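Notes to accompany the following structure.
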Amino acid sequence: MGRTFWHSFLTIWLTMAGAIAIIIAVNAYLEVLPPKDGFIDLQEKYTLEALAGFLRADETVEADTFVTMMGRQTPTMRIRFHVEAGTAPEACQDLVGPGPLARHAREQQPDAPPPPHGPQMTPDRNGLVSVTVPGLAACYRINLQKERLSLFDRIAPTVLPLLAGLLASVISSFLLANYLVSPIMKLREGLKTLAGGAFNVRIGAQLGKRRDEIATLGRDFDTTAAKLEQMDAAQKRLFHDVSHELRSPLSRLQAAVGLLRKNPARLETLLPRMEREIKRQDGLVEEILTLARLGPNAAATLERETIDIIDLVSAIIDDAAFEAQAKGVAMDYAGIQSFVTRVNGELIYRAIENVARNAVKYSPDGSRIAISAARSSDGETLELAIRNPGPIVPQEDIEKIFHPFTRLQESESGYGLGLAITRRAVEAHGGSVEALANPEGGLTVTIILPRLS
């Protein structure tokens, strides 16, 4: 998850914090919280209870003082009281009805505490609350005019949190969507361009300085596009080289056929040449097919068998040494005597043979080729090195010898596919091929193969 998770987490947290900030800011200006209706009801209830407490003790002076004070503090709440009916608490019985105050008047002593629920308030349509309270010497009726709330005051406490959450959510959703969707749209456009065959498209620079998973995806897109561009260029170059390599022997065959049409008597002299050209084309086609077989998914389709690689090396040394006798070139082997693994024997044989034959081909007469094999420290990897003397190869040209149809000298024979096949065959088995220029001239090619079970 990484940075994208933390960015989403921060967005959600800021959304909640923003909603709270909006509620606080709006309430500071409009004063809609806490809900006014509940607050006013409590205020009226406690005011009425306090006033009733004074009147039960017939403390009318204190009650007047209290009413005056409350009138100044809450000008919207109008309170007044007056003596009602008779002068005895029993006279209140017909006025207060069966509620708590009536029971209090009938059953409790005059100096007893007020009822548990306090005076009962039942406002009429005009917001007027009238309560009769029995005192020690008389009955009192309290009239309290309730404040009428506007529609805004009634619905604002409920709507404000919802609106604040909605506003904060809209803002955060826009920012989060812009953060996520904008690069995805750029990636989408890049994919459309890539699908159209323009492999030079890149989107990494368009993502700016982002360092999250989407930026990593953009860099992976650029890497994929670069590899596709390389593969497309290599394919075009391969088609060009293949057509060139096929055209030359075909032209020579056509020339030979033209000569035979003019002079059939030259058949005996031209036939061997035509056979050589046909063999060249057959060999070229076979190597091209081998190269095509070793594509990106070659590892999944290879048929494998358990083989001792050192036995293959011994057979290759015997064959190459026989050919090297004509140049007086010797081949020396030193190293381990066995390394068993599961490989495609034909491909690995050809991969090692191509390197050995190249070594014989470019080694000067009377020289020696050194071949060594060793296991890695954990015993799971074979390192096979073939070192040959020869002409000095510039370090910047080393990598070119593994490209198809690459020949460092125009006079070289062959098609330039041998080492390209070697590298792809070894990489299809999870290994690698490296080449280093020897200080005294020639190359050391190292084939690294893992043990596979």
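Annotations
- Percent antiparallel among DSSP beta bridges (both partners in the stretch 302-447, rounded to 5): 75 percent
- Of LYS236/LYS361; LYS279/LYS400; LYS227/LYS400; LYS279/LYS327; LYS327/LYS361, pairs whose Cα-Cα distance is over 20 Å: LYS236/LYS361; LYS279/LYS400; LYS279/LYS327
- Loop-located GluC sites (Glu not before Pro) in the stretch 240-349 whose Cβ has at most 14 other Cβ within 10 Å (DSSP): GLU303
- When you filter the chymotrypsin sites (Phe, Trp or Tyr not before Pro) in the stretch 175-243 for DSSP loop state and at most 16 other Cβ atoms inside 10 Å of their Cβ, nothing is left.
Values in this text are rule-based calculations from the coordinates and carry no lab data. Keep in mind that what you see is a predicted model, and the values were worked out from it rather than measured. When we count neighbours, we look across all protein chains shown, and the Cβ atoms used for this are built from the backbone with ideal geometry, even at glycine.
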